[in-house]
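Below is one structure, written out as structure tokens, with a few remarks after it.
Only the coordinates and a few stated rules stand behind these numbers; no lab work does. No experiment lies behind these values; they were computed from the predicted model shown. Glycine also receives a Cβ, built like all others from the backbone with ideal geometry; neighbour counts cover every protein chain displayed.
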Amino acid sequence: DPRTSFLDKEWINPNKDLTLFYNTTRANAAVVALVRNSELYGLLESIRQFEDRWNKKYNYPYVFLNDVDFTEEFKFRTSALTKSKTYYGKIPEHMWSYPSWINQTKAAECRAEMSSKNVIYGGSESYRHMCRFNSGFFFQHQLLLPFDYYWRLEPSVQFMCDIDYDPFLFMQKNKLIYGFTISLMEYESTIPTLWDAVKQFIEEYPHHIKENNIMKFISNDNGETYNLNFEIGDLNFWRSDPYRDFFNHLDKLGGFFYERWGDAPVHSIAVALFAQKSEVHFFNDIAYYHIPFQHCPTESEYHEIGRCHCDPGQNFDMEWYSCTPKWFAT
Ligand code: GDP
Ligand code: MN
């Protein structure tokens, strides 16, 4: 049949999607998205590009987490966009609530105060639970326990270049614990006492601090560096004693609620304290957009190989508040 033979020929064309079928070695990893039901459509955009640019060739499973139950529509629409397995989990109460030692009246006053000063997310209670969950608990959620690596996905982000290798296997092979694409300064007003808390921790737990750590990269009079949303990481790093002690130390001090400590600076500081530079990777080849910033590689060969759709002139690495040049100088 001429129609079938034509199809067969198309099918075996080595320039087509053969990677779909011959890629069998995978890391023990999952894509993780903490997301609200109301963000479904923004998330679908993210998944669509994430699949097209990368995961359709690798089929890593997704773990979706939420502080309330996901709707049937959410499950149906997200599953429809991928061949991968999709898991949906509700966050247990203790991972998304006030610990007993937090004075909730004081927390509410702090929110009102920060809100009046227009601190970003300063008045939001849910944002604080989100930051605390991402700092201290996501890696302990039941659905993530089977996995060793994660790639964090958010609603309404973009991946602007093809990724034709497996970053998880890359991490595993090179014994990396953390990867990022965008790093920037944190607003001082969200973390006024975080730095003191870190210094206190270093004094109390000197044995946890890694030799040849990367503190130089983040310590700065103007505040701390943090990595924006994009993370590929080793879950066992967050499950380790040093990090658990670090999180518990911060949690006891109450800054997640009395200030607005973000998960990004907390993660970044932990990586700087407990890792060496050779264990952390800047993914220059992964083009990532999260409003209002993007990392777009400037090398033209990446654009050709990766069929990129971003403007290399709009690259956050070059902005004065980017910490990436400092990363290379560290
Ligand atoms: P930003 O990136 O810091 O501006 O904050 P986002 O609003 O994007 O929140 C970070 C991530 O946490 C996103 O993936 C959100 O979908 C998720 N998130 C934020 N707040 C909540 C919440 O109250 N419930 C749930 N389920 N997810 C949340
Ligand atoms: Mn976001």
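Checking the structure you have, find out if any residue of the range 158-170 is within 16 Å of ligand 1 (Cβ to nearest atom), in contact (Cβ under 8 Å) with a residue 12 or more places away in the chain and within 23 Å of Glu319 (Cβ to Cβ).
Yes, the range 158-170 contains a residue that is within 16 Å of ligand 1 (Cβ to nearest atom), in contact (Cβ under 8 Å) with a residue 12 or more places away in the chain and within 23 Å of Glu319 (Cβ to Cβ).
I'd like the full set of residues that are more than 27 Å from Arg244 (Cα to Cα) and surrounded by 13 or more Cβ atoms within 10 Å (Cβ to Cβ), limited to the range 84-112.
Ser84, Thr86, listed by residue number.
Residues of the range 70-93 being more than 22 Å from the chain's Cα centre (by Cα) and within 30 Å of Leu253 (Cβ to Cβ), which ones? Quick ask: steps written out before the conclusion?
Narrowing the range 70-93 to residues more than 22 Å from the chain's Cα centre (by Cα): 71-73, 76-77, 80, 83, 93.
Once the filter is applied, which keeps residues that are more than 22 Å from the chain's Cα centre (by Cα) and within 30 Å of Leu253 (Cβ to Cβ), the range 70-93 yields only Glu93.
Looking at (1) more than 16 Å from ligand 1 (Cβ to nearest atom); (2) more than 24 Å from Glu279 (Cβ to Cβ), which is the one condition that is false for Ile120?
Against the list (1) more than 16 Å from ligand 1 (Cβ to nearest atom); (2) more than 24 Å from Glu279 (Cβ to Cβ), Ile120 comes up short only on (1).
Filter the range 50-66 for residues that are in contact (Cβ under 8 Å) with a residue 60 or more places away in the chain and either within 15 Å of ligand 2 (Cβ to nearest atom) or at positive phi (or both) and give the result.
Phe50, Leu65
Just to confirm my filter: which strands (runs of 3 or more DSSP E) fall fully inside the range 269-330 and include at least 1 residues that are away from ligand 2 (no atom under 16 Å from the Cβ)?
Qualifying strands (runs of 3 or more DSSP E): 280-282.
Sort through Leu65, Leu81, Leu143 and tell me the only one that's part of a strand (DSSP E or B) and surrounded by 13 or more Cβ atoms within 10 Å (Cβ to Cβ). Let's see the steps before the verdict.
Numbers: Leu81 fails: part of a strand (DSSP E or B); Leu143 fails: part of a strand (DSSP E or B).
The match here is Leu65.
Assuming Cys110 fulfils every condition listed in (1) assigned to a helix (DSSP H, G or I); (2) within 16 Å of ligand 2 (Cβ to nearest atom) apart from one, which condition is it?
Just one mismatch for Cys110, condition (2).
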